[in-house]
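This report concerns only the one structure given below.
The values are calculated or read from the model by the stated rules, or taken from the named source; none is laboratory data. Being a predicted model, the structure only gives us computed values, none of them experimental. FYI the Cβ positions are ideal-geometry reconstructions off the backbone, even for glycines, and counts take in every protein chain you see.
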Amino acid sequence: MRVVWIGAGNLATRLGLALKRAGHETLQVFSRTEASAVALAEQLDCPFTCRTEEVLPGADVYLFAVKDSVLEELAGHIAPKVGDALCLHTAGSMPMDVFCGHAARYGVLYPMQTFSKHTSVDFREIPVFLEASDVSAYGLAEELARSVSGNVRAMSSADRRYLHLAAVFACNFVNHCYALSEEVLRKIDAPFEVMRPLIDETARKVRQTPPREAQTGPAVRYDRNVMDRQLALLEDEPDMQAIYEAMSRSIRRLAWEEKKKETDDDKL
């Protein structure tokens, strides 16, 4: 298929390269940031533009990979000019209907993964969630998605909001906890690399065991002596103290619910 990219960030870079390897042709890259547009256009062997009025017609698919805050604006500027081409956005939390009234055919192609411009990913393993305005549009979106991923699923805008929320907890918040761990380690001049075996084992464990059952640590045991001593170590970090307390309460609540469920099951 012939593709035009609207956006040149992390997702556009990784998916753009995956589509190139799958044999699709990129006609153009648009980005308001010239450096990003140039960098991606060079990798995809195509021209670029930083002006919406210069976005080329004639593509089969226009892929919008931009910040949520500018998606509707760019859809309004670009989608009306592309005829019956398929317009797809790649956002987790934005509804498909952001294109309504602007595009004749539209939908969502959401690859659920964390992307960085300079880190390769295996797209065959990445789940891609689709939604489209009609059966024909869905078929085209599915063909495009299946050319790069072996895990393609339909999902509505309403359900995708929860999917994205779950991804924020599983990825963004977890990564922030890594950053906080690194801050604590700096107090004793220890490198973050000492945590990597623990991180790897935790990730391996939840591939085989439900996260609730895999939980360990002082909060799940409700070891107040340890918890209070650790909170005291954070007395000069009130935000980290608040996170520690909130996370510990949440861990304890889930552990209590799991124990109650086991007790109820034993009564059956």
- Being closer than 19 Å to Cys177 by Cα, modelled with pLDDT of 95 or more and out of contact with any Leu (no Cβ under 6 Å at 6 or more places or on another chain) narrows Met240, Met227 down to just Met227
- Message: Only one of Val108, Val128, Val98, Val168 is in contact with a helix residue (DSSP H, G or I) (Cβ under 8 Å, 6 or more places away or on another chain) and closer than 25 Å to Ala203 by Cβ. Can you tell me which?
- Response: Val128
- Can you run down the residue pairs with Cβ atoms below 9 Å, 6 or more apart or on separate chains, where the first is in region 168-191 and at negative phi and free of Cβ contacts under 8 Å to residues at least 12 places away in the same chain and the partner is among the aliphatic types (A, V, I, L, M) and surrounded by fewer than 11 Cβ atoms within 10 Å (Cβ to Cβ)? Leu185/Val194
- Task: Tally the residues that are surrounded by 10 or more Cβ atoms within 10 Å (Cβ to Cβ) and outside any helix (DSSP H, G or I), restricting the search to region 211-245.
- Result: 7
- Task: Kindly list the number of the only condition in (1) of a type in the set (Asp, Glu); (2) surrounded by 12 or more Cβ atoms within 10 Å (Cβ to Cβ); (3) at pLDDT 95 or above that fails for Glu258.
- Result: (3)
- With the checklist (1) surrounded by fewer than 16 Cβ atoms within 10 Å (Cβ to Cβ); (2) out of contact with any helix residue (DSSP H, G or I) (no Cβ under 6 Å at 6 or more places or on another chain) in hand, flag the one item Gly150 doesn't pass. (2)
- Query: Do we have any residue at all in region 125-134 that's on the phi < 0 side of the Ramachandran plot and at pLDDT below 95?
  - Reply: yes
- Residue ID - surrounded by the most Cβ atoms within 10 Å (Cβ to Cβ), chosen from residues in region 56-106 that are over 19 Å from Gly139 (Cα atoms) and among the acidic types (Asp, Glu): Glu72
- Query: Which of the residues spanning region 75-103 are under 24 Å from the mean Cα position of the chain (by Cα) and of a type in the set (Asp, Glu)?
  - Reply: Asp97
- Can you spot a residue in region 41-49 that is surrounded by 16 or more Cβ atoms within 10 Å (Cβ to Cβ), under 22 Å from the mean Cα position of the chain (by Cα) and not β-branched (Val, Ile, Thr)? no
- Task: May I ask you to list the residues in region 18-30 that are without any contact (Cβ under 8 Å) to a residue 60 or more places away in the chain and either under 20 Å from the mean Cα position of the chain (by Cα) or not assigned by TED's automatic domain parsing to the domain that holds Arg146 (or both)?
- Result: none
